[in-house]
Amino acid sequence: MENQEIWQKVLTALETNVSRANFVTWLQGTSLVSHEEGSATVLVPNAFSKEWLENKFNKLVLRYLRECSPEIKEVRYVIAPTHEEAMMKARKKKQEQPIFELQERFSDLVVDPTTNLNPRYTLDSFVVGSSNELAFAAADAIIKNPGATYNPFFIYGGVGLGKTHLIQAIGNTVKQHHRNTSVVYISSEKFTTDVVDSIRNNSIDKLKEKYRRFDVLIIDDIQFIGGKEKTQEEFFHVFNALYDKNKQIIISSDRNPQSLSLLEERLRSRFAGGMVADIGTPDYEMRMAILKTKTKERSVNIHEDVLNYLANNIQKNVRELEGALNIIQAKFYNSQDIISLHHVQKILSNFIKSPKKLTSMKQIMKSVCEFYDIDEKAVVQKLRRKEIAKPRQIIMYLLRSELGFSYPHIGEKIGHRDHTTAIHSYEKIKRELENNPSLQEEITFIKQKIYS
Ligand code: ADP
Ligand code: MG
C-alpha cells in the first residue's frame with residue numbers, strides 16, 4: 001500500500017475515535033511520509049499536534065498503522081516547518097535575534113490598510129487546546145467556506161484569551177485562500193466613532209454602503225456598543241444586509257450574547273442565532289504548549305523547569321504568560337548566563353503575585369456594578385427593581401464567598417438589611433449557579449475583574 005493510502009485508512013479509523021473538533025484540530029494536515037525498517041514517520045503541522053499525538057494517541061495510531069502494515073513497530077512524529085518558521089530560521093542564521101529587534105520585527109508587520117488586519121495573527125501561531133478547540137474548529141470551517149456554515153460566528157471569553165488573535169487569524173487566512181474576498185476587521189469603538197462622525201457629516205448612507213460591500217466583516221469587542229442606541233441601530237442594518245447576502249459575520253465579545261444586557265434584544269437574538277463558541281482559560285498542558293510555541297517563535301532557549309514554573313504560576317490568561325516571557329527575555333538579553341529557575345523567580349517576584357487572593361468590598365461592589373452598568377448607590381438603597389436586585393444579590397453572594405463576611409455584616413453593609421436577606425441572597429445565587437451556565441459565566445467574568 002502507498003503511504004498516502006495507509007494514512008487515509010488510519011485517519012478514517014481515528015475519526016471514529018475522536019470528536020470532530022479534535023479531528024480537525026489535531027489530525028488535519030498530517031501525513032505519513034515513510035515507513036521503513038519498522039519505523040513510520042508522520043509529518044505534523046506544529047509542536048502542539050506532535051505532543052498531542054505522542055502523548056494521547058500514539059497507541060491508537062500505531063494499532064491502525066499495523067493493521068495496514070504489520071511490520072511497523074514505532075511511529076515518529078516530525079514537525080513540518082511552515083513557511084514562516086523556515087523564514088524565521090533563515091533569519092536566525094543570519095544573526096542572533098535579541099529581543100528588541102524581535103519586537104521591531106513584529107512592528108514591521110504593518111496593519112493592512114484595506115482590511116485593518118495585523119499579519120502577526122496567524123493560525124499557525126495559535127495554539128489549540130481544550131479551552132479553545134471548539135472555537136478553532138469553527139474558525140477552520142469558516143475559512144474553508146466563508147458565509148456558508150457558521151453565520152454569524154460569535155466568539156466570547158475573558159481578556160487575554162486569544163479572541164482577537166483568532167478572529168484576525170480567520171481574516172488573514174481567508175484573505176490568503178480567497179484573494180478576491182473582501183475582508184475587514186474593525187473594533188467596536190472604531191465602528192462607533194464612524195457612526196458618530198457620519199451622523200455629524202450627514203453621510204450615514206455612505207457608511208452603510210461601505211460596510212455592505214464586504215464579504216467578511218469581523219467586529220471585535222462588541223460589548224462596547226452596549227448602551228449606544230444609534231450605533232446599535234446602524235450595526236443592526238449592516239448585519240442584516242450582510243447576512244441576507246450570505247456574507248460572513250464574525251463577532252467577539254467578553255461575554256455571551258444573553259449576558260449583553262445593554263444590547264437591544266433583536267441584536268442579541270441575531271448573535272445567538274449562529275455559531276456561538278467560548279474561549280476559556282487554558283489548562284496547564286495548554287499553558288505549557290503556548291510557552292513552548294512562543295519561545296520557539298522567538299528563538300529563545302528556556303529550560304523546561306522554568307517553563308513549568310511559569311505555567312504553574314501564571315494561570316489567568318495568555319497575555320500574562322507572554323508578559324512573563326517578555327520580562328525574562330529582556331532581562332537576559334545579551335547575557336550569556338543560563339536562565340535559571342532561581343533567577344526567574346526573583347525577576348518575576350512582582351509579576352507573580354502571592355497565590356492568596358486579596359480583594360475588598362469596594363472592589364466587589366465596583367466590579368459588579370460596572371458589569372451590570374448600575375449605580376453603586378442604588379445597591380444600598382431600598383429599590384426592588386429587577387435590574388438592581390440581581391446585582392445586589394450577587395454582591396452579597398461574593399461578599400460571603402470571597403471575603404467570608406458574616407450574614408449580619410453583609411446585611412448591615414448593603415443598606416442596613418436584615419441578615420435573613422443576606423442568607424436568602426447567598427443561597428439563591430448559589431443554587432442558581434448550579435444549573436444556570438450564563439450566570440456561571442457572568443460570575444466567572446466578574447471574579448476575573450475583581451482579581452485583575
Ligand atoms: P483577547 O482578544 O481575548 O483579549 P488576544 O487575542 O489579544 O486576547 O491575546 C492576547 C495575547 O495572547 C496575544 O498576543 C495572543 O497572540 C496571545 N494568545 C492568546 N491565545 C493564544 C493561543 N491560543 N495561542 C497563541 N497565542 C495566544
Ligand atoms: Mg481582544
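The values are calculated or read from the model by the stated rules, or taken from the named source; none is laboratory data. The model shown is predicted, which means the values in this text are computed figures rather than measured ones. Methodologically, a virtual Cβ is constructed for each residue, glycine included, from the backbone with ideal geometry; neighbour enumeration extends over all protein chains shown. Only protein heavy atoms, including side chains, enter the accessible area calculation; ligands, DNA and RNA are left aside. Shrake-Rupley method; radii C 1.70, N 1.55, O 1.52, S 1.80 Å.
Could you tell me whether any residue of the range 261-283 is within 16 Å of ligand 2 (Cβ to nearest atom) and surrounded by fewer than 19 Cβ atoms within 10 Å (Cβ to Cβ)? The answer is yes, given that some residue of the range 261-283 is within 16 Å of ligand 2 (Cβ to nearest atom) and surrounded by fewer than 19 Cβ atoms within 10 Å (Cβ to Cβ). Taking Glu376 as the residue in question, decide whether it is within 27 Å of Lys428 (Cα to Cα) and out of contact with any strand residue (DSSP E or B) (no Cβ under 7 Å at 6 or more places or on another chain). Answer is yes for this residue.
Quick check on Gly171: is it within 16 Å of ligand 2 (Cβ to nearest atom) and not in a helix (DSSP H, G or I)? When the stated conditions are applied, Gly171 does not pass them. Just a yes or no: is a residue in the range 228-235 within 25 Å of Asn172 (Cα to Cα) and either away from ligand 2 (no atom under 16 Å from the Cβ) or basic (Lys, Arg) (or both)? Within the range 228-235 (the criterion being within 25 Å of Asn172 (Cα to Cα) and either away from ligand 2 (no atom under 16 Å from the Cβ) or basic (Lys, Arg) (or both)), the answer is yes, since at least one residue qualifies. If we scan the range 367-389, do we find a residue that is at pLDDT below 85, more than 29 Å from the chain's Cα centre (by Cα) and in a helix (DSSP H, G or I)? No, there is no match, as no residue in the range 367-389 is at pLDDT below 85, more than 29 Å from the chain's Cα centre (by Cα) and in a helix (DSSP H, G or I). Residue count for the range 400-420, restricted to those that are in a loop (DSSP other than H, G, I, E, B), small (Gly, Ala, Ser) and either under 19 Å from Ile388 (Cα atoms) or open to solvent by 60 Å² or more (accessible area, probe 1.4 Å) (or both): 1. As a summary of the residue check, Leu403 satisfies the conditions (1) under 29 Å from Gly227 (Cβ atoms); (2) touching a residue at least 40 places away in the same chain (Cβ under 8 Å) except for the one numbered (1). Would you confirm, using the coordinates I've provided, whether Val18 is outside any helix (DSSP H, G or I), modelled with pLDDT under 90 and within 30 Å of Ala330 (Cα to Cα)? No. Listed by position, the helices (runs of 4 or more DSSP H) contained in the range 204-293 that have at least 1 residues being within 21 Å of the chain's Cα centre (by Cα) are 265-272.
Contact map, the range 409-436: residues that are free of Cβ contacts under 8 Å to residues at least 40 places away in the same chain and at positive phi paired with residues that are assigned to a helix (DSSP H, G or I) and open to solvent by less than 80 Å² (accessible area, probe 1.4 Å), Cβ distance under 7 Å, separation 6+ or inter-chain. Pairs shown: Gly415/Val380. Yes or no: the range 288-295 includes at least one residue that is open to solvent by less than 20 Å² (accessible area, probe 1.4 Å), under 22 Å from His343 (Cα atoms) and of a type in the set (Ser, Thr, Tyr). The answer is yes, given that some residue of the range 288-295 is open to solvent by less than 20 Å² (accessible area, probe 1.4 Å), under 22 Å from His343 (Cα atoms) and of a type in the set (Ser, Thr, Tyr).
Looking across the range 145-181, the residues that are without any contact (Cβ under 8 Å) to a residue 60 or more places away in the chain, of a type in the set (S, T, N, Q) and either touching a helix residue (DSSP H, G or I) at 6+ places or on another chain (Cβ under 9 Å) or more than 16 Å from ligand 1 (Cβ to nearest atom) (or both) come down to Asn145, Thr173, Gln176, Asn180, Thr181.
Select from the range 182-198 the residues that are within 16 Å of ligand 1 (Cβ to nearest atom), outside any helix (DSSP H, G or I) and of a type outside the set (Ser, Thr, Tyr) and list them in ascending order. Hit for the range 182-198 is Ile186, nothing else. Among residues of the range 109-122 that are open to solvent by less than 70 Å² (accessible area, probe 1.4 Å), those with a Cβ under 6 angstrom from a residue that is assigned to a loop (DSSP other than H, G, I, E, B) and more than 13 Å from ligand 1 (Cβ to nearest atom), sequence gap 6+ or separate chain, pair up as Asn118/Val111.
Evaluate the following for Tyr309: is it away from ligand 1 (no atom under 13 Å from the Cβ), surrounded by 17 or more Cβ atoms within 10 Å (Cβ to Cβ) and of a type in the set (Ser, Thr, Tyr)? Yes, satisfied. Is one or more of the residues making up the range 322-343 closer than 15 Å to Pro282 by Cα and either out of contact with any helix residue (DSSP H, G or I) (no Cβ under 7 Å at 6 or more places or on another chain) or modelled with pLDDT of 85 or more (or both)? Yes; the residues of the range 322-343 include at least one that is closer than 15 Å to Pro282 by Cα and either out of contact with any helix residue (DSSP H, G or I) (no Cβ under 7 Å at 6 or more places or on another chain) or modelled with pLDDT of 85 or more (or both). Taking the range 123-168 as the range and being part of a loop (DSSP other than H, G, I, E, B), within 16 Å of ligand 2 (Cβ to nearest atom) and among the hydroxyl-bearing types (Ser, Thr, Tyr) as the test, the residues that pass are Ser125, Ser131. Of everything in the range 138-169 that is of a type in the set (Val, Ile, Thr) and within 22 Å of Ser19 (Cα to Cα), the residue that is surrounded by the fewest Cβ atoms within 10 Å (Cβ to Cβ) is Thr149.
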